[in-house]
Amino acid sequence: MSDQSDSRTKTLNFNVGVLGHVDSGKTSLARALSSTASTAAFDKNPQSRERGITLDLGFSSFTVELPDQLKDSAGERYDSLQFTLVDCPGHASLIRTIIGGAQIIDLMMLVVDVVKGVQTQTAECLIIGELTCRRMVVILNKVDLLPENKRQSAIEKMTKRLHKTLENTRFKDCPVIAVAAKPGGPEAPAPEEPQGVPELIQLLKEQTYLPQRDPGGDLLMAVDHCFSIRGQGTVMTGTVLQGAVSINDTVEIPALKVTKKVKSIQMFRKPVSMAMQGDRVGVCVTQFDPKLLERGVVCTPGSLRTLYAAVISVRKIGYFKGSLSTRSKLHITVGHETVMAKVSFFGLPPGSANSAASSLETPFHLDREYAYQDEYVSGQGEGSAGADPEQWALLEFERPVTCPSLCLVIGSKLDTDIHANACRLAFQGRLLQGFEEKNYSETGLPRLRIYKTKQKEGQVERVTDDYTVIGRSLFKKETNLQLFVGLKVTLSTGESGVIEGGFGQSGKFKIRIQEGLLPETKQLLNSATKKKSKSGAKGPTGEEEPRGEAQPVSIHLNFKRYVFDPHKKMVQS
């Protein structure tokens, strides 16, 4: 084993996400890049062709000489650069793949069909890119479909349009390059040479930088393929998202609820003794059935939590049209999983310092009070500059999810018609608080102090004495009045009192006015009572005739009720 640490590869791995609308030519481009790079003799090493743990499933890669700009900073540690292309197919998997690998995608290639321009999914890819990575290159693909005499002007026009689209994003002024990854399209009889690919490889080399990689902290590895090698064990290939893994480490496979010992590790088809954040590796562990884990995560034992519900910070995505209602169900992508969840929105109580800057500005605390919202509140009105007030959401998952804390969360409506011209990504946020118990609604949710305010209005029916009045119309006949005893009320004339209890059987109640009734209130109530007795005469139909004037003094009861309080107590400040 001693030579293994010395044979640790001196290849720097740089992860490139390949995103774009369906049929924009992502896979053809990944294929063209990989084959052009290998025929350009970048990979002459015979050992790399030896049968080993293959890393190419679901991913493709090519190796180039270390670019000049990295030689100064990384020349001593690395002698070559490997681009790992993460081709993100189909929309639902696109979200899973990119968010799952968000921490290690170093550069994004946005593939645009030059004939069709920016389509719905192109915009969605752009949003995901903004949330997850720092740099982007735009590829205008299929330029062979443009008539040759108009090709250059069409490319320039599309480039200008794209720069306009990107000017308010973090990818302002990013490079745009034109290629034809598969001239003639998939039906072309004789395969033609791709156009513009060597120039694209050169551009990618210029765009690389030395990524920040941290071997510290718990291991989290996204597995994208799994297979057995007879007599050796089960191999999991994937990308190390955080931390590091070494031979003889014990790792956990949370989906299977098992731990396994690491027997060997390969990187770029060479044996190594350890791998760290950002590396693409094959990890061989003691045998298990590979069919049980096609995709998933592997981690330091006990480091991931399985959650039934969670509180997240939440920020609506600007391109999403339509409202986001409490109790609605959305697709939630968290960690490496996408699962349906019921969403409930809440915010700071009215009058709090309402920071519209960042949802992590005001830390979330279980001991703080929050106001229930029927829906996500978008920023409006003067002085808010259109920024949304700070908000959070409770997610209740349809099945438990396994994820690291503080991970990125994206809510989307993936069941929207893929051909409708509408962004399906609805909101983004960070996981702040998880509930790990199956019966979280009894054990965890009552700790969430989210309240609704309630207002009730009734009338004073009559005065009993200077300190007592009888009220009506505040409660239904069947209401248990005992629950309301002791709550404060105010009269429309200004006095405040306390509900003392019920009066008779019809939902009437007695109010004690501690400071006594004002003389003018007594006068008002007494004259109203006299009017009432006079107008109590029966009309010709035998019905009591309507009185000429409504009861002049109303009773107001305001209280809060906590949404998750099992006792449904009423609270007044």
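The values are calculated or read from the model by the stated rules, or taken from the named source; none is laboratory data. Since the structure is predicted, the reported quantities are computational estimates derived from the model, not experimental observations. Cβ sites come from the backbone with ideal geometry, for glycine too, and all protein chains shown count toward neighbours. Please note that ligands, DNA and RNA were not included when accessible areas were found on the heavy atoms of the full protein model with its side chains. Shrake-Rupley method; radii C 1.70, N 1.55, O 1.52, S 1.80 Å.
For region 541-553, the condition holds for at least one residue, the condition being that it is of a type outside the set (D, E, K, R) and at pLDDT 85 or above. Of the residues making up region 1-20, not one is at pLDDT below 75 and buried (at least 23 other Cβ atoms within 10 Å of the Cβ). Is it the case that region 44-66 has a residue that's among the aliphatic types (A, V, I, L, M), crowded, with 18+ Cβ neighbours inside 10 Å and modelled with pLDDT of 75 or more? Checked region 44-66: at least one residue is among the aliphatic types (A, V, I, L, M), crowded, with 18+ Cβ neighbours inside 10 Å and modelled with pLDDT of 75 or more. For region 285-301, a residue qualifies if it is at pLDDT below 90, assigned to a loop (DSSP other than H, G, I, E, B) and open to solvent by 20 Å² or more (accessible area, probe 1.4 Å), and the qualifying residues are Glu294, Arg295.
Select from region 119-134 the residues that are within 23 Å of Pro194 (Cβ to Cβ) and open to solvent by 40 Å² or more (accessible area, probe 1.4 Å) and list them in ascending order. Selection gives Gln119 alone. Just checking, which of Glu457, Glu478, Glu442 is open to solvent by 50 Å² or more (accessible area, probe 1.4 Å), under 22 Å from Arg368 (Cβ atoms) and not aromatic (Phe, Trp, Tyr)? None of the other options fit; the residue is Glu442. Selection within region 302-316: residues that are under 22 Å from the mean Cα position of the chain (by Cα) and not aliphatic (A, V, I, L, M). The member of this set that is nearest to Val339 (Cα to Cα) is Tyr308.
Every residue in region 483-518 that is farther than 18 Å from Gln455 by Cα, within 50 Å of the chain's Cα centre (by Cα) and surrounded by fewer than 18 Cβ atoms within 10 Å (Cβ to Cβ), please. Of everything in region 483-518, those that are farther than 18 Å from Gln455 by Cα, within 50 Å of the chain's Cα centre (by Cα) and surrounded by fewer than 18 Cβ atoms within 10 Å (Cβ to Cβ) turn out to be Glu500, Gly501. When region 225-284 is filtered for residues that are without any contact (Cβ under 8 Å) to a residue 24 or more places away in the chain and open to solvent by 50 Å² or more (accessible area, probe 1.4 Å), the ones remaining, listed by number, are Arg230, Gly231, Asn248, Lys257. Here the strands (runs of 3 or more DSSP E) wholly within region 434-517 that include at least 1 residues being among the aromatic types (Phe, Trp, Tyr) are 449-465, 496-503, 508-512.
Among the strands (runs of 3 or more DSSP E) confined wholly to region 181-265, which include 1 or more residues that are touching a Lys or Arg at 6+ places or on another chain (Cβ under 7 Å) and at positive phi?
Once the strands (runs of 3 or more DSSP E) in region 181-265 are filtered for at least 1 residues that are touching a Lys or Arg at 6+ places or on another chain (Cβ under 7 Å) and at positive phi, what remains is 233-242.
For Val138, are the conditions met, namely being under 16 Å from Val111 (Cα atoms), at pLDDT 90 or above, crowded, with 19+ Cβ neighbours inside 10 Å and in contact with a Cys (Cβ under 7 Å, 6 or more places away or on another chain)? So Val138 passes the test. Screening Lys157 against (1) under 18 Å from Phe14 (Cβ atoms); (2) surrounded by fewer than 19 Cβ atoms within 10 Å (Cβ to Cβ) leaves a single unmet condition, (1). So for region 279-301 (the condition being within 14 Å of the chain's Cα centre (by Cα) and at negative phi), does at least one residue qualify? No, every residue in region 279-301 fails to be within 14 Å of the chain's Cα centre (by Cα) and at negative phi.
The sole residue among Leu414, Leu406 that is closer than 30 Å to Cys299 by Cα, open to solvent by 70 Å² or more (accessible area, probe 1.4 Å) and out of contact with any Gly (no Cβ under 8 Å at 6 or more places or on another chain) is Leu406. Taking (1) free of Cβ contacts under 8 Å to residues at least 60 places away in the same chain; (2) more than 21 Å from Phe83 (Cβ to Cβ); (3) open to solvent by 50 Å² or more (accessible area, probe 1.4 Å) in turn, Pro215 satisfies each apart from (1).
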